[in-house]
Amino acid sequence: MTIKALLGGVAMAAIALPGLAQAETFSLWVRSDGSEFMPKLVDAFNAKGEDKAELQIVPVNELVQKYAIAAAGGSQPDALSLDLIFTPSFAQAGQLKDMTDFAKSLPYYDSLSQAHLSVGTYDGKIYGMPFSADASVLVWNKNLYKKAGLDPDKAPANWNDIRKAAEAIGALGDDTYGFYFSGNCGGCNIFTFTPLIWASGGNLFEDKGAKATVKTPQMKDALEFYRGMAKDDLVPAGSQTDSGSNFFAAFAGGNIGLTPSGSFAIGALNNQYPDLDYGVTYLPGKDGDWSSFAGGDNIVVSAKTDEDKMPAIEAFIKFAYSSEGQTILAKNGSLPVRADVAEEALKGLDSRYLIAAKAMDKGRTPYTPVFNDLINSLNGPWVNMLNKAFFADSAEEVDEAMDEAQEEMQSIIDSSR
Amino acid sequence: MTDGLMAVPETPMPTRRRRRRHSQWNGLLFVLPSLLLVTIFFIVPLGMAAWMSLHKWPLMGVPRWVGFDNYERLLTDKSFWSSLWFTIEYTVVITIGLLGVAMALALIVQGQGKAISAYRTIYFLPVVTGFASAALLWVWLSNVDTGLFSPLAQDIGLTEGRVNILANFTPAFWSVIFMVIWKMAGFYMVILMSGLQSIPTDYIEAARIDGAKWSQRFRFIIMPLIRKPFALALILCISGSMLAFDQFYIILSGGPRNQTVTAVYKIFNESFISFRLGYGAALSMVLLVILLALSVIQLTFLSDKGPKK
């Protein structure tokens, strides 16, 4: 034991001592969703031999709690790759360092993902900078398209196209379904369902998250669109109680015609289900046009991080933005966040990534400091409304669900201010 | 204190009173470790929770003193009261179900014999699975597409097409009840069985000779004699059920449409989903008071000195 400890100490000193000259070591957390690209990016950065990042991967569902506990005890990480939707609430709680000057000093500032920056900005200051990206898209099963006599290369461009294709595929047999959505999952649906509304001209929040706009004709249309498919058995019965566990797996099973999904699915399908021939397209609006949810992580710096460590953290961020860094990200499951090198970073990769990258470019992110409460909570107003409306027996029930959600969301927003 | 430790028996004739005081100090010394544990792990956290409940205490950021605001707010919080009401409903149903089944099982397995001890083991087996793993097993069994119940019901012609049992309140609720009974009945069976086995056989024989029917023997001999183990089982069952969380969180996520959110689930949501720790603490204090009251009521009714008929 003692010898081991001694050796460990020597090793630590060996690492730390050359650092004394100039370089700094900073701690960095990432949620488990980033466990593919982040270690590779950190290794490449550390291999440069100057500053060092010490990475810790945290289970995705515990990140906020862990951070909060660590911050209360003063052991928070210096930097954190944070699910971008949490940036406003972290900034509101005074946990983050203002990075406006650094961000604006970058020559390629204008090419950074606008969606990330929009949620990374609080009170006019930039607290979170784009780091990794995931865009929502629509995927369809080309094998089933062929079987149903549809053109496998023609992507659906509006809701009617989706419905028609789903009907044709649903008619193939008892175990084949036209469409799939996780009917009891708030997180999945904010990612894949809201783009249908955005593309049709609606919105979920207005005034920087101060106003909930649930009760809109676009929302109603979109809810009815899903409800119709569920009612006509184009969707498997399990959807009604799927709180996200089947979000990816259902389509991967090969008996689903179309499903809204995310760019993460491209890599996962290619690696794990090589026989599944599928197409990727944008999530369309009712009569055309399209939209996407820009998801992923913002990189943030804890408010209490030592100023001495800032150069190292800034060097890491710059490295991630370099074309080398963006390529490492793109090869390991994240979309590039810097548009001017995106094409270079995606070179040689599956061409379906390009569609996802374009979706990201136009992607949007809802802005609210109470995202967890409103959207992610398994018992929140958003998922409650969706579940009730998707599987409602009548149009009145859909209206009722929307009214309830409108009222509850607004009251949660109001009481948080 | 050290004096107490040093108390040596051969000290020549210590006065009676002195010896008593000595042994009292000794007693304190012996319970000190557990007293320390109780203080650190129960009293201090309890005090902290009470302190937190008087603050607006976000998970991140600075707590702010708000006095009794949290308590005022919970008075009008419909979702808390409805979750509490649901918890009470659940507790009533599950207590009747569990203790009924456990009593039946205990009567079956109270005797001697190889086969009986095998059954005893079989009935007890589900108890040793964790609540979470049992619930996960149930999630899979009740899955409409890949599970057991729905496809089975369809195949033997019980239902037309697949029915998603977790999608509506009634079947979802009863499937959880069924799961909990399967999982926990063995535990209460053991408690009740120990009571049954301590009843001297002559009592039953005497009653038999006097011509008492089975129901009479059960009502007038068995039940009064297992009053104490029954009281223990009842208190454990009620306080455990009032704190139900895992099964509803894992199997139903509080659904369909928030109809199965229990009181603890609501506290969990407030504290760790909405990050309102202060409000969560206030809800916990209310639940604690309710549980205390319930336990006191049960103890008075079931103790030997309790109200006699």
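The values are calculated or read from the model by the stated rules, or taken from the named source; none is laboratory data. Note that the structure is a prediction, hence the values are computed from the model and not measured. Cβ coordinates were reconstructed from backbone atoms using ideal geometry, including for glycine residues, and neighbour counts include every protein chain displayed. Ligands, DNA and RNA are excluded from the accessible area calculation, which covers all protein heavy atoms including side chains. Shrake-Rupley method; radii C 1.70, N 1.55, O 1.52, S 1.80 Å.
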Taking each residue of A:236-246 in turn, how many C-beta atoms of other protein chains fall within 10 Å of its C-beta, and what is the average? 6
With a 10 Å radius around each residue's Cβ, average the other Cβ atoms per peptide and rank A:406-412, A:260-266, A:152-158, highest first. A:260-266, A:406-412, A:152-158
Taking square-rooted eigenvalues a ≥ b ≥ c of the alpha carbon gyration tensor, is chain A rounded, prolate or oblate, where a/c under 1.5 means rounded and, failing that, a/b exceeding b/c means prolate? prolate
For chain B, modelled as a GNM with alpha-carbon contacts under 10 angstrom, which of B:S133, B:S79, B:S34 fluctuates the most? B:S34
Counting other Cβ atoms within 10 Å, which trypsin sites (Lys or Arg not before Pro) in segment A:276-327 have at most 14 and lie in a DSSP loop? A:K304
On the principal axes of its Cα set, how long, how wide and how thick is the protein assembly as shown? Give whole Å, largest value first. 93, 74, 53
Taking the simple approach of a point 7 Å from Cα along Cα-to-Cβ for both B:W65 and B:A293, what is their distance in nm? 2.9 nm
What are the principal axis extents of the Cα atoms in segment B:223-309, in Å, biggest first? 48, 28, 17
Charges only on Cβ, +1 for Lys and Arg, -1 for Asp and Glu: so what's the dipole of the protein assembly as shown about the Cα centre, in debye to the nearest 20? 3640 debye
Hey, what's the per residue convex hull volume over the C-alpha atoms of segment A:290-417, in cubic angstrom? 163 Å³
Set of lysines with alpha-carbon distance to A:K147 below 24 Å, sequence-local pairs under 8 removed: A:K164, A:K231
Partner shielding of A:64-70, as the mean number of partner chain Cβ atoms within 10 Å, equals 3
In order over segment A:192-199: 3J(HN,Hα) from phi, Karplus 6.51/-1.76/1.60, θ = phi - 60°, whole Hz, x for each Gly or Pro, gives 10, 9, 4, x, 4, 6, 4, 5
How large is the charge dipole for segment B:70-302, taken about the Cα centre, if only the Cβ atoms of Lys, Arg (+1) and Asp, Glu (-1) carry charge, to the nearest 20 debye? 380 debye
Dipole of segment B:70-302 [Lys/Arg +1, Asp/Glu -1 at C-beta], most positive-end residue of B:N258, B:F248, B:L232: B:L232
By a straight-distance test (C-alpha under 28 Å), which lysines pair with A:K66 as possible cross-link partners, with residues fewer than eight away in the same chain excluded? A:K40, A:K52, A:K97, A:K125, A:K208, A:K304, A:K309, A:K318, B:K56, B:K266
What aspartates and glutamates does B:K183 reach when the alpha-carbon gap must be under 15 Å and sequence neighbours fewer than 8 apart in one chain are set aside? B:D246
Checked segment B:70-302 with the C-alpha gyration tensor, a ≥ b ≥ c its square-rooted eigenvalues, rounded below a/c of 1.5, otherwise prolate if a/b is larger than b/c and oblate if not; verdict oblate
Whole-percent carbon and sulfur share, accessible surface of segment B:70-302, 1.4 Å: 70 percent
Short version: which residues of segment B:49-65 lose at least 50 Å² of accessible area, all chains versus chain alone, 1.4 Å probe? B:L59, B:M60
GNM, chain B, Cα, under 10 Å: largest mean-square fluctuation among B:T201, B:T260, B:T129? B:T201
Amide proton proximity set for B:T159, modelled H, under 5 Å, gap of 5+: B:Q154
Per residue accessible area in Å² of the protein assembly as shown, where ligands, DNA and RNA are left out and the probe is 1.4 Å: 49 Å²
What total accessible area, in Å², is buried where chains B and A meet, using a 1.4 Å probe and rounding to the nearest 100? 1900 Å²
For A:W29, residues with placed amide H under 5 Å, excluding near neighbours: A:Q56, A:A79, A:L80, A:S81
Run through segment B:53-128 and list the chymotrypsin sites (Phe, Trp or Tyr not before Pro) located in a DSSP loop whose Cβ has at most 14 other Cβ atoms within 10 Å. B:F68
Roughly speaking, to the nearest percent, how much of chain A's 1.4 Å accessible area is carbon and sulfur? 50 percent
Averaging sequence separations of C-alpha pairs under 8 Å and six or more residues apart, then dividing by the length of chain A, give the relative contact order as a whole percent. 25 percent
Please compute the contact order of chain B in relative form: average sequence separation of alpha-carbon pairs under 8 Å and at least six residues apart, divided by the residue count, as a percent. 26 percent
Karplus-derived 3J(HN,Hα) from phi for segment B:182-196 (6.51 cos²θ - 1.76 cosθ + 1.60, θ = phi - 60°), whole Hz, x at Gly and Pro, runs 4, 7, 9, 4, x, 5, 5, 4, 5, 4, 5, 4, 4, x, 4
Return the distance in nm (one decimal) between the two label points of a simple spin-label model at A:L172 and B:S215, each offset 7 Å from Cα along Cα→Cβ. 6.2 nm
What is the distance, in nm, between label points placed 7 Å from the Cα along the Cα-to-Cβ direction at A:Q114 and at A:D403? 3.8 nm
Where N is the number of residues in segment B:140-263, Cα Rg divided by 2.2 N^0.38 Å: 1.50
Using 0.36 nm per residue of separation minus the Cα-Cα distance, give me the extension gain between A:E307 and A:K215 in nm, one decimal. 28.5 nm
With a 10 Å cut-off between alpha carbons and a GNM built on chain A, which of A:P217, A:P274, A:P236 moves the most? A:P274
Can you find, among B:N269, B:A132, B:G157, the residue sitting farthest towards the positive end of the charge dipole of segment B:70-302, where Lys and Arg contribute +1 and Asp and Glu -1 at Cβ? B:A132
Short version: ³J(HN,Hα) in whole Hz for each residue of segment A:405-410, in order, from phi by Karplus 6.51 cos²θ - 1.76 cosθ + 1.60 (θ = phi - 60°), x for Gly and Pro, what are they? 5, 4, 5, 5, 4, 4
Charges on Cβ only, +1 for Lys and Arg, -1 for Asp and Glu, centred on the Cα centroid of the protein assembly as shown; of A:P366, B:V31, A:T176, which one is farthest towards the dipole's positive end? B:V31
